[in-house]
Each structure stands twice: as structure tokens, then as C-alpha cells.
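The values are calculated or read from the model by the stated rules, or taken from the named source; none is laboratory data. The structure presented is a predicted model; accordingly, all values stated were derived computationally and were not measured. Every residue, glycine as well, gets a Cβ built from its backbone with ideal geometry; the counts of neighbours run over all protein chains shown. Heads up: the accessible areas ignore ligands, DNA and RNA and are worked out on the full protein's heavy atoms, side chains in. Shrake-Rupley method; radii C 1.70, N 1.55, O 1.52, S 1.80 Å.
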Amino acid sequence: MRNDVVLNIHSQSVEAGNFRFIIPQEIHKMGRSLKHGSRVFLIQGGPAATKGWRDFQETFNVDGPEAARLVSWYYNLLVQLYLNGLSTEDVQKILLSEPTSYLPRDFWEATGKPKNPAFILVSSGARAILGAHARVTEERLEWKLEPRYAGLFTRITALAIAELSLFKNGEDDFLAGWVWRDRKISSWRDLGKPFGATRSWFVYRYYPSNKTAACTYYNRHVVEDGDWDRNITLPRTRSQVACNSLVLDAWRKPKKALVLNPVKLLREKKKITWFS
């Protein structure tokens, strides 16, 4: 099988410590060919790679923007894990542990098990947003994607969750988010919404052992004003919620204590008899 484009995980830029993310648009441009409707990308460790990466090789057929987007995300995540010292054996363990059952399912349970939610990844380095709607049940989680993309998206999500749970990222570096319809009426604004209010929840650290996370607000205007690649629409910023606990309904603001009727309170005081 031919290899039209080769991407080394251990490259000269990685060795020099100035790794630059390959954005989806670049992969798409490299995937164009006058002779072929698609091009084959080889992702390999590289001759100087260590910790088992030297023998790492995977090929992908890039025939359009969506394939270019997924290959870009997959390559960038592999490089990030390599730079953080993980071996190919470590990566294999991550993929076999089915980490997509952790954060997406924790989100799903914490937000009341909504229907048709979406899981989102945000990379400021690659200036890209990747997301997919999910079908979640008590037994399994499926991505609502074309079959040829679903498997690679699952691997991307697994590596992203490992990045969030194993390494310390800044609030603006790498995020995972959850978008869903809240069917519970929280305020009078929700009365006219038959499908519930749209909510979004973003985290930059994840602790699967105790179902907690470090959450943050994400500025959607940064994406809209810049040259970002995205395959999913983000809701308005005011719909975002902030909570570090992934326990059911922990994100909801506690209800205010009821204020007693001042007239009734005065009458109650008058009924009190004091004894000396």
C-alpha cells in the first residue's frame, strides 16, 4: 500500500522542544492530489523515537475534510502523550481500558441521563473543536457518526481523557465538554422551551477515581472570531454551568431559603411570653 504523506511522532520540532500542532486544514491540504481522490497518511514513531514508538505505524485514508480532521486530532494527541513520557504499551493499556466509559458516562449520569447529548473536545494548540452526539444507555455508549469514523473518534476520545486525567493542563490548553438538554425547569425562562434549556459543561482536569473535575468557562467568541476548525456548534456562553463534582445534580445551584412573611413573623413575636 502506498504512503503519500508520512507524519513522524518524534520529529525535529519535537526533539527541539518546539512542537507545533498540525491543524486539520493542513492535513486536508496535504491530502489533496491531482492523481488520486484520496491520499494515504502514515503515522509512525520515527527513527529516533523511544519507548516502543520507533516501531509504531498506522495508515489512514484521507479523502475529505472529516477524515483530515480526525487524523489531525489523533496525531496531535499521540505526540502529546509521547512528549509526556508514555510508551506504546501505556497507550495500548489506555485504549484497552475503555476510558470513554468514564468521563462521558460520568457527565451523562451527573446531568440526569439526558437524550442525545454531545461530547466535545477543545484544543487551543490545534485551534480546533471536535465533537459528536452520543447514544448512551446503562450498558453501552455509541457515537452517532458514520461507521468509518466512529472507531477513530473512540480512540481520540480515549487518548483525550487520558490527557485530562494523567497530566496537568491549563484552563486554556485542552478541554472536554458536555452539551445536553436539561428537561428540568430551573427558572421561568425555561417555561417556553418544550425540549428544555441547553446546557454546557467544560473541564480541563478529570479525576475518575472520585468522579470530580476541574471546571472552567469557555469563551465561545474566541472560536467565532478566529480561524478555528470545528464540526459542532457550541451553545451560548450563558448556558454554561460550573461544578467540580460529577455527582447527580451537583451542578445545579442550590435553591434559596424561603423568606418568611414579615407580617406573620411579627405576629409570632407578639405571641412570645417572657418570664423573668
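Take region 69-184 with all the other protein chains still there, run a 1.4 Å probe, and you get 41 Å² of accessible area per residue. Of the whole protein surface, residue 133 contributes about 70 Å² of accessible area at a 1.4 Å probe radius.
Shown are 165, 209, 72, whose ranking by accessible area with a 1.4 Å probe and every protein chain present, most to least, is 209, 165, 72. Spin-label model, residue 233 to residue 84: label points 7 Å out along the Cα-to-beta-carbon direction sit 3.3 nm apart.
Accessible area per residue was computed with a 1.4 Å probe on protein heavy atoms; residue 56 scores about 40 Å².
For 83, 70, the ranking by accessible surface with the largest value first comes to 83, 70, using a 1.4 Å probe. Charge tally around residue 169: other residues with Cβ under 10 Å, Lys/Arg +1 each, Asp/Glu -1 each, net -2.
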